[in-house]
């Protein structure tokens with residue numbers, strides 16, 4: 001399997017998805033494209049924050065990473081999570097793609113107002129057809145990622 005890397009560093013994927021079938025489809029589609037990037041799956045925004053911050057016994061997710069975020073989740077939904085990371089000095093530059101069933105215009109506007117890299121609807125039957133792994137592969141090859149954490153606020 002090939003691994004997408006940035007300056008010989010692995011790009012990690014944080015998948016924030018409460019639907020087990022959707023999560024399996026995403027991981028399977030990455031495998032079908034022979035992408036061996038590590039994928040960490042959590043089921044809500046609170047767990048995602050804990051992984052990104054290295055809290056509650058979770059090891060901190062290494063940089064560089066990309067977040068694939070569902071909107072409709074329990075405990076902390078995707079838009080709440082997005083607002084939270086955009087106000088966090090260490091997380092505000094995180095690259096986030098929304099993957100959702102919500103075609104609600106207010107959800108799209110809220111996501112783009114919080115600087116998502118893209119908003120994708122889960123209407124297709126599989127992520128392989130949806131083209132997610134192809135889009136991610138192209139994105140990772142073309143975009144530069146900061147490797148270090150931002151400086152702590154003074």
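The numbers here are math on the coordinates, done by the rules we state, and not lab data. From a predicted model like this one, the values you see are computed outputs, not experimental measurements. Backbone-built Cβ (ideal geometry, glycine too); neighbour counts: all protein chains shown.
Points worth noting:
- Largest first and in whole Å, the equivalent-ellipsoid semi-axes of the stretch 5-142 read 20, 19, 15, each the square root of five times a Cα gyration tensor eigenvalue.
- Here the label points at residue 89 and residue 36, each 7 Å from Cα along the C-beta direction, are separated by 3.9 nm in the simple model.
- Share antiparallel - DSSP beta bridges, the stretch 5-142, percent rounded to 5: 10
- Over the stretch 19-121, relative contact order from alpha-carbon pairs under 8 Å, at least 6 apart, %: 21
- Burial ranking of peptide ranges 77-89, 53-65 (average Cβ count within 10 Å, highest at the top): 77-89, 53-65
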